[in-house]
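Taking it in order: structure first as structure tokens, then the write-up.
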Amino acid sequence: MSEETWHEARLIPTSGISGAEEQERRATSAVLAVMSVVKEFSKALLGPLGAPAGNVDTFIEVPFMLGEKRCYPDGLIRVSRGARSWTALVEVKTGKNELQTEQLENYLDVAREQGFDALVTISNEIPSIAGQHPTKVDRRKLKKVDIHHWSWSQVLSTAVVQKEHRGVSDPEQAWILGELIRYLEHPRSGAMEFEDMGANWGAVRDAVVAGTLRASDRTAPEVAARFDALLQYVSLRLGRQLGTEILPVLTRKEQAEPALRSQSLLTRMVDQAELAGAIRIPNAVAPIHVVADLRAGRVTCHVDVDAPREGRPTTRVNWLLRQLKHAPDSTRVEAFVANARGSSAAELLGKVREDPAVLVTDPKKDIRSFRVALSVPMGVKRGRGRGAFIDSVIDLVDSFYGDVVQHLKAWSPAAPKLREAASAPDDKPALSSTALSSQDGPETD
């Protein structure tokens with residue numbers, strides 16, 4: 001038999017998963033076991049939750065009594081450092097299974113009775129706003145116990161970033177983390193990607209196109225929330241490739257009150273037929289704005305770039321062109337002049353390359369900023385694959401960052417240069433000086 005048909009032995013095999021229960025148990029055990037071994041990985045996941053940097057012990061299916069009934073949380077994490085310890089119960093769902101309010105509230109009660117610090121949930125549900133839990137629970141149960149959520153996409157992204165970009169000090173631990181990554185990337189693990197805009201996507205999209213959607217429509221908020229969840233997933237996915245943390249852009253008020261973001265997104269969808277948001281990439285020239293025009297059937301990404309504060313208008317246009325060598329000719333460039341509303345000129349990059357002056361409508365007015373945008377047809381299917389809305393957004397963000405944004409740098413003025421001392425003519429008297437202070441000419445009476 002040829003070796004090509006042999007299956008390589010894996011630390012965490014995907015074979016033998018017989019059902020949802022086995023899938024959930026194996027995923028829980030795999031993640032918690034690797035956390036207890038790979039310190040950098042556990043620190044990256046648990047540090048933001050308030051856990052100290054210390055020894056990590058993990059357990060699965062730990063029994064507790066709650067009144068007269070026995071509860072079995074999927075796992076438990078205990079971090080110890082000196083006399084201090086931090087303990088969290090863990091509840092896990094795989095595949096399309098969703099977290100249940102009653103079950104989570106029972107585990108919150110167990111954690112409170114046991115003096116534990118938190119409840120951590122893991123599922124394929126991606127909250128619309130980072131830090132927000134996808135399942136509503138009684139807020140009174142959170143007075144002494146925190147609740148945190150990781151999507152499987154977040155766990156996988158954290159593992160990839162730690163191994164491929166930040167590094168793992170011990171080679172054997174790096175191999176173990178690599179085995180977890182391979183397991184979570186396998187379809188049978190139950191750790192799914194974002195793959196559905198929801199059952200109401202088609203009906204809401206059609207209502208927007210027809211102009212019949214109302215803010216009071218009960219199905220509209222779900223679609224708005226799914227779009228924000230998509231931006232979260234896009235951020236995690238791109239961050240996995242770049243090795244950095246990428247987050248959707250929210251105002252301070254929206255971070256404090258997630259309902260404000262939901263209402264803003266819903267209002268724009270009803271009034272302007274658009275789903276819109278932005279993601280911020282560390283050290284990028286500006287946030288990437290993502291706009292899905294449901295009526296026009298287009299998805300657009302754009303960045304706003306400040307123009308140089310010196311030079312003629314065409315010089316400023318050429319400054320931008322030099323940074324767009326890899327951008328396709330279909331990229332749209334808009335120029336904004338000082339003290340004017342809206343763009344003064346807009347043209348496709350192909351024509352701007354031929355004649356930069358097409359963006360200069362008045363040579364006497366300074367260009368203060370540019371908007372660089374790329375637009376593609378919008379997919380309409382609710383799921384994944386060819387012709388799907390999710391894939392059209394993901395593909396556009398990836399290509400726009402790769403072809404445009406990663407090459408853009410903010411303008412900065414050149415450093416001031418020292419004056420060069422003038423050389424003294426050969427026929428000058430021997431007492432003549434070349435010092436800068438003597439270059440003003442002879443004194444007169």
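The values are calculated or read from the model by the stated rules, or taken from the named source; none is laboratory data. Note that the structure is predicted; figures quoted are calculated from it, not measured. So basically every Cβ, Gly included, is an ideal-geometry build from the backbone, and we count neighbours across all protein chains shown. Accessible surface is based on the protein model in full, side chains and every heavy atom, while ligands, DNA and RNA are left aside. Shrake-Rupley method; radii C 1.70, N 1.55, O 1.52, S 1.80 Å.
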Can you pull out the residues in the range 285-313 that are open to solvent by less than 30 Å² (accessible area, probe 1.4 Å) and either touching a Gly at 6+ places or on another chain (Cβ under 7 Å) or among the small types (G, A, S) (or both)? A286, V290, A292, G297, A307
Identify, please: which residue in the range 185-199 is assigned to a helix (DSSP H, G or I) and in contact (Cβ under 8 Å) with a residue 40 or more places away in the chain and is, among those, surrounded by the fewest Cβ atoms within 10 Å (Cβ to Cβ)? R188
Taking A327 as meeting all but one of (1) outside any loop (DSSP other than H, G, I, E, B); (2) surrounded by 20 or more Cβ atoms within 10 Å (Cβ to Cβ), write down the number of the exception. (1)
Of (1) in contact with a Ser or Thr (Cβ under 6 Å, 6 or more places away or on another chain); (2) modelled with pLDDT under 95; (3) under 25 Å from D271 (Cα atoms), V299 fails just (2)
Within the range 205-240, restricting to residues that are assigned to a helix (DSSP H, G or I), in contact with a Ser or Thr (Cβ under 9 Å, 6 or more places away or on another chain) and open to solvent by 30 Å² or more (accessible area, probe 1.4 Å), the one that is farthest from N124 (Cα to Cα) is D206
Residues being free of Cβ contacts under 8 Å to residues at least 24 places away in the same chain and in contact with a Ser or Thr (Cβ under 6 Å, 6 or more places away or on another chain): count how many of those fall in the range 8-47. 1
With the first residue restricted to the range 232-249 and required to be of a type outside the set (A, V, I, L, M), and the second required to be in a loop (DSSP other than H, G, I, E, B), Cβ contacts under 6 Å at 6 or more apart or on different chains are Q232/I126; Y233/I126; Y233/F194; S235/I246; G239/E245; G239/I246; T244/P282
Out of E113, E40, E91, E68, report the one residue that is out of contact with any Leu (no Cβ under 9 Å at 6 or more places or on another chain) and not aromatic (F, W, Y). E68
State whether one or more residues within the range 367-377 are in contact with a strand residue (DSSP E or B) (Cβ under 9 Å, 6 or more places away or on another chain), open to solvent by 20 Å² or more (accessible area, probe 1.4 Å), without any contact (Cβ under 8 Å) to a residue 24 or more places away in the chain and not in a loop (DSSP other than H, G, I, E, B). no
Does G202 fit the bill of being of a type in the set (G, A, S) and assigned to a helix (DSSP H, G or I)? yes
In the range 150-173, residues that are over 18 Å from G47 (Cβ atoms), outside any helix (DSSP H, G or I) and touching a strand residue (DSSP E or B) at 6+ places or on another chain (Cβ under 7 Å) total 0
In the set G202, G277, G243, the lone residue that is touching a Leu at 6+ places or on another chain (Cβ under 9 Å), open to solvent by less than 40 Å² (accessible area, probe 1.4 Å) and not charged (D, E, K, R) is G277
Across the range 123-151, the tally of residues that are over 29 Å from Q263 (Cβ atoms) and buried (at least 20 other Cβ atoms within 10 Å of the Cβ) stands at 1
